Amino acid sequence: MHARPRLRHPSTILVPALASALIASVFVLAPPGFAADSLLSQGRPATASSSEDSTLVPAKAFDGSGSTRWASVEGNDPEWLRVDLGQSATISRVKLTWEAAYGKAYRIQTSADGSAWTDVYSTTAGDGAVDDLTLSGTGRYVRLYGTARGTAYGYSLYEMEVYGSAGGNPSPTPTVTPTPTPTPTAGGPAVPFGGHTIPYASGMLRPSGGQAALDQKVVDYYKRWKAAFVKQNCGNGWYQIISPDADHPYVAEAQGYGMVIAATMAGADPDAKKIFDGLLKYVLAHPSSITPGLLAAEQDTSCKSVNGGDSATDGDLDVAYGLLLADRQWGSAGAYDYRQLAIKTINAIKSGEVNPTTKLMKLGDWTSSGDQYYWISRSSDWMIDHFRAFRKATGDATWDTVRTNHQNLIASQQANYAASTGLLADFVVNTNTTPKPASGQVLEDPNDGKYWWNACRDPWRIGADAVTSGDAKSLAAARKLNTWIKGKTGGDPSKIAVGYALNGTQISSGSEPAYFAPFAVAAMTDSGSQAWLDALWNKMLDTSFTPTDYFSTSIQLQVMITVTGNHWVP
C-alpha cells in the first residue's frame, strides 16, 4: 500500500495570539437525574440589557430552535438576559448553548419580582459551547448576568433553558414545534442497516446478486475494519479511530468517518451506539483552539491535540452529519442531545469553515482573510449530500447557497480543466476570482493541482448525492467521471491507477481502494454500467487490507455501504 501525504496545513500558519485568545469549548453533560425536571422557559417572555440588532432579540434564546440566537451589543460589559417563568418555580438546572461569542465570567440569578436578584451560580472560567449547570434556587425570573466576555464581541446564546418545577397553574406557554424527527423504534434504531427503508433515486444500479448477500458482505468487511481501527487507547470512556498511515495516529477525518459508519451500521452491530457515544465523547474533549464547536484536527499517541489544535473541514462535516444520523437512529433524549450538538457543529462550520464571500468550504478554521490559503478549497470537502442535510436540520438557507456554489464549481472545473475526464484537482485556488486547479504545491504535495490523495474520494462524494437525491447536476458530474474511467481502463478496475493529471495521464502505478472503490458510486448512476459496477464490486471484495491501511479501507467501507443501498441522508 502507498502512504498518502497527510499534512493538514503549515505549522507556521496558526497565529499564537489568536489561538490563545479564543478559548476551546467543552461540553458538559447533564446527569441522568435531569430527566425528571420540566423545561419551564421555552416560549416565555424575555428581555435583555441590549440586542445587537433587530433580528438577534431575547425571545430567540427561548424559542426552542438551535439555529436562532440572541446577541448583546459588541464590546460591552456587563450585559444580561432574563426570562419570566410566569410564576415562582424551584430551579434545578440551567442550560446555556453559546454561539461563538460566549461569557467567560457570568452569574445565574433568580428573583421573585425582577428587581432584587440572588446569585445561584457564578463562574470566571467559562469556555463557551454548552454549559449545563446543576444549581438550586427559587424565583419567577431567571437571569444570565455576564460580567466578562470571552471574545471581543458580545454575549450570544442560541438557547437558554431553565429547568425545574413550578407550583399551581402557570400562564399558558406557547408551543414551539422543532423540525420533526421520526421516533426510533423501541429497543432498536429507526433506520437499521439492511432495512432499506429510505430508497435511492429512480434508476440507480446496485451490484448483481441478492440484497441480503450484498448487505452481508458489507457487514463482514465492517467487522474487519472495526477490529483493525476502532480503538480505546486513551481511557476516559473514549473510542478513537486510529489512522496509522496518516501524519498523526488520530485525525479529525477518521473520527468523522467513524461516527458516520457507527450510526449507519446500527442494527447490524449491537455496539454501534456505544461506539458512537465513545467517539462523540472523544470529539467533545478535543475542541478546536479557534472555533468553539469544531474538532481539533490531530492528536498524538497520548490523544493530546497537536499542531496548533485547530480544525480540518472534512472531519467537522462528517461529525455534524454523523450526529444527524444518530439523532434519527436513536433520538436525542439520552445522555447526549445529538440534534442540538449537530446544529451547534453545523453553525460552527458555517462560522469557521465556510468562506463568507464565496460560500465555499475553507481548508479549516485556521485560514482567515489576508492569508495565502483563504481563497483555496479542497474538492474532497465538497460534500453535497451533507449540505442538504444541514439545510434540513437548521432551516438555514445559507446551506442552499453553499450546495449550489459547490455544484456550480464542480461543473465549471470539469468543463474548463478536465473536459475529457471530469477529474477534479485536490485543491482549487483563486476561488474569489477565476477558480482553477493549483499549479504545483499549495498545501500538501507537488500534485496538489491533480487528481491525487484528496480528490480520489470525489466520485464517491459526488455520487452519494446523485444516487440519493437524483439531482441533475450531481448526476451529470458523476456520469462524466464514470464514462471516462470505464473507457480509460477498458472496464478493468485493476487498471485504475494511483493518481492522474486532469487530462487523464497516469501519475503512479499500483492499485489502491482509495482510487478504484469510489468509482463504483459513480457507476451506479449509469444504466449501461452494470457489468462495470459488478467488476468494481468484485475488485473490492477481492482486495485485502492490513491494520496500517486505515485510509483506503475506511473509504472502501463507506463506498460498500453506499453501493448496496445503505447510505441515507437524515
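Would a scan of the range 417-436 turn up a residue that is assigned to a helix (DSSP H, G or I), of a type in the set (Phe, Trp, Tyr) and either modelled with pLDDT under 95 or open to solvent by 30 Å² or more (accessible area, probe 1.4 Å) (or both)? Looking through the range 417-436, at least one residue is assigned to a helix (DSSP H, G or I), of a type in the set (Phe, Trp, Tyr) and either modelled with pLDDT under 95 or open to solvent by 30 Å² or more (accessible area, probe 1.4 Å) (or both). Selection of the range 93-140 for residues being under 17 Å from Arg44 (Cβ atoms), in contact with a strand residue (DSSP E or B) (Cβ under 6 Å, 6 or more places away or on another chain) and open to solvent by 30 Å² or more (accessible area, probe 1.4 Å) yields Ala112, Thr138, Arg140. Can you name the residue in the range 513-558 that is among the acidic types (Asp, Glu) and surrounded by fewer than 21 Cβ atoms within 10 Å (Cβ to Cβ) and is also farthest from Ala464 (Cα to Cα) among such residues? Taking the candidates together, the pick is Asp542.
Across the range 171-197, the qualifying residues are those that are farther than 30 Å from Ala89 by Cβ, β-branched (Val, Ile, Thr) and open to solvent by 50 Å² or more (accessible area, probe 1.4 Å), and the one among them that is modelled with the lowest pLDDT is Thr185.
Of the helices (runs of 4 or more DSSP H) lying entirely inside the range 201-284, the ones with 1 or more residues being small (Gly, Ala, Ser) and either open to solvent by 20 Å² or more (accessible area, probe 1.4 Å) or at pLDDT below 95 (or both) are found at 211-229. Among the residues of the range 309-336 satisfying the criterion of being open to solvent by less than 10 Å² (accessible area, probe 1.4 Å) and hydroxyl-bearing (Ser, Thr, Tyr), which is farthest from Gly267 (Cα to Cα)? So the residue we want is Ser311. Screening Ala411 on (1) open to solvent by 20 Å² or more (accessible area, probe 1.4 Å); (2) assigned to a loop (DSSP other than H, G, I, E, B); (3) within 19 Å of Pro518 (Cα to Cα) shows it passes everything except condition (2).
Every condition in (1) closer than 21 Å to Asp127 by Cα; (2) of a type outside the set (Phe, Trp, Tyr); (3) at pLDDT below 95; (4) surrounded by fewer than 24 Cβ atoms within 10 Å (Cβ to Cβ) holds for Pro292 except the one numbered (4).
Here Glu444 clears all of (1) within 23 Å of the chain's Cα centre (by Cα); (2) under 29 Å from Ala228 (Cα atoms); (3) part of a helix (DSSP H, G or I) except the condition numbered (3).
The values are calculated or read from the model by the stated rules, or taken from the named source; none is laboratory data. Remember, predicted model here, so these are calculated numbers, not experimental data. As a convention, Cβ positions derive from the backbone with ideal geometry for all residues, glycine included, and neighbour counts pool all protein chains shown. Please note that ligands, DNA and RNA were not included when accessible areas were found on the heavy atoms of the full protein model with its side chains. Shrake-Rupley method; radii C 1.70, N 1.55, O 1.52, S 1.80 Å.
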